[in-house]
Amino acid sequence: MNILKKYTGWFVLGTLIFYLLSVTQSISVLLPTLLAWAANIAMWHTLAPSAKRQVSWLMGIGIAALLFAGSKGIWMSWQQVFAVNLPMLAMFVAVSFLDLTSTTDKSRPLPTGLSAIFNTAIGVQALGAVINLSVIMVFADRMKGAFTLTPIQQFILTRNFSAAAWWSPFFVATGIALIYAPGMQWQKTLIPGLAMGFTAIVFSSIEAYLRKKGDFNGYPIRRESLFIPLFLAVCVIFFHFIWPDISILVLICLLAPSATILLMRTVSRRKSLSHFVNHKLPQIGSQFALFLAAGIFSNGISAIVLSYPELFNLNSFTFSPLLFSLVLAAMILAGIVGIHPVVSIAIASPMLLPLHPDPTQLGFLFLSAWAISAGSSGLTGLGLLMTSRYQIPLRSLSSTVFIMLFLCGYSAHW
């Protein structure tokens, strides 16, 4: 166990490297799977008690369901059970490298007024779309100064950060959607996703201005800070156009670390990368544990569905706008009461796939559920960060504005 803890970061990095090698069929997918589970065991002690309970329940229910289905003659392969979320984990490790490109400017005063609200909303969504969760800490630490983060500042950051899930290929939600909606074409969700992201910016900015009458301290956005998100987004689209057979997930796994090494500003790249692998990567234990457990859980649900086809027969239904709305509403409510979006997606996917929905429409449903509920669940990485680091009450993470965003998502999609 001590050896595992000592080399935890290298097990995490190995998950990414050997996953990419398995894609080329140079090695078996068994090796990155073993590394992922070894990293999970090594990082288990870093998990919060609530995260341990959730992961334990997911694994326990999933294993019980798999064993029960096995007694009925339905067995899932080891790849389905233990490696289904491996591509998403590799993507998560890859985008974690982008944390090395973030910078904090403490010399500029905090802007105020409506423009500060709007620019902060745009900035946290654009940067968070690529650099992910670390952006929240950069923005929030700078905005709160010596005081606590205000409720208005909190919802501007959380709503617009989570809204990036609608369109960002670097967001974990995209990896989940691509896995649980097989055949999804991400590029077809880009335009409606951007529309929804902009809707989130407008709604939250107007509400913040009306509630504070412009008395708002925002984040000092610089134009050059938006270069990396735009650069990476263009690269993903460009290379996917050139090599359409290479999946978006694999492209991100290749581009994110490469762009980091190219664009990071540091005296010694080797020292910075070594520190990142040894000290930063071992801190993503909750994500590894949750997504590995969700893979077992989702396959347990799938096995139960296969065991009782007549009970879960939805042939009388179609994947209509009404069903889209009802399922999305249920997933949003599940997020508000504390269920992680990946869990609700893992439950919904095996129920909806027999209806043969359009994969891209199904994927957009999952992206919408993640974008809306990620900011309202206390068990997501964002929720845990806001409640633990900034003492934000859990009840303040949810808001009725997301009901309007849900209606807009419904209209934008259909």
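The values are calculated or read from the model by the stated rules, or taken from the named source; none is laboratory data. All values derive from a computational prediction rather than experimental measurement. Note that each Cβ is placed from the backbone with ideal geometry, even for glycine, and that neighbours are counted across all protein chains shown. When the accessible area is computed, the model is the full protein with side chains, heavy atoms only, and any ligands, DNA or RNA have been set aside. Shrake-Rupley method; radii C 1.70, N 1.55, O 1.52, S 1.80 Å.
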task: For the range 1-95, state which trypsin sites (Lys or Arg not before Pro) are in a DSSP loop and have at most 16 other beta carbons lying within 10 Å of their beta carbon.
output: 72
Loop sites in the range 142-171: trypsin sites (Lys or Arg not before Pro), DSSP, at most 15 other Cβ within 10 Å: none
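If you count, for each residue, the other Cβ atoms within 10 Å and average over each peptide, how do 368-374, 17-23, 64-70 line up from highest to lowest?
Going by the mean number of other Cβ atoms within 10 Å, highest first, we get 368-374, 17-23, 64-70.
Going by the alpha-carbon gyration tensor, a ≥ b ≥ c the square roots of its eigenvalues, is the range 127-275 rounded (a/c under 1.5) or, if a/c is not under 1.5, prolate (a/b greater than b/c) versus oblate?
Because a/c hits 1.5 or more and a/b fails to exceed b/c, the range 127-275 counts as oblate.
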task: Label the range 1-132 by shape, choosing from rounded, prolate and oblate, from the square roots a ≥ b ≥ c of the eigenvalues of the Cα gyration tensor; if a/c is under 1.5 it is rounded, and otherwise prolate applies when a/b is larger than b/c, oblate when it is not.
output: prolate
- prompt: Given a 1.4 Å probe and every protein chain left where it sits, what share in percent of the accessible area of the range 118-208 is carbon and sulfur?
  reply: 74 percent
- prompt: What whole number of Å gives the distance from the Cα centroid of the range 1-54 to the Cα centroid of the range 221-269?
  reply: 24 Å
query: Efficiency by 1/(1 + (r/R0)^6): what FRET value for residue 269 and residue 234, r their Cβ-Cβ distance, R0 = 41 Å, to the nearest 0.05?
result: 0.95
task: Determine the per residue accessible area of the range 138-233 with all protein chains present and a 1.4 angstrom probe, expressed in square angstrom.
output: 40 Å²
query: Which lysines have a Cα less than 28 Å from the Cα of residue 144, not counting those fewer than 8 places away in the same chain?
result: 106, 212, 213, 280
statement: Heavy-atom accessible area per residue of the range 37-94, all protein chains kept, 1.4 Å probe, expressed in Å², is 47 Å²
query: Taking all protein chains as present, what is the carbon and sulfur share of the accessible area of the range 10-77, in % to the nearest whole number, probe 1.4 Å?
result: 73 percent
task: State the percentage of accessible surface on the range 228-349 attributable to carbon and sulfur atoms; use a 1.4 Å probe and exclude ligands, DNA and RNA.
output: 70 percent
query: So which chymotrypsin sites (Phe, Trp or Tyr not before Pro) in the range 255-316 end up in coil per DSSP with only 11 or fewer other C-beta atoms within 10 Å?
result: none
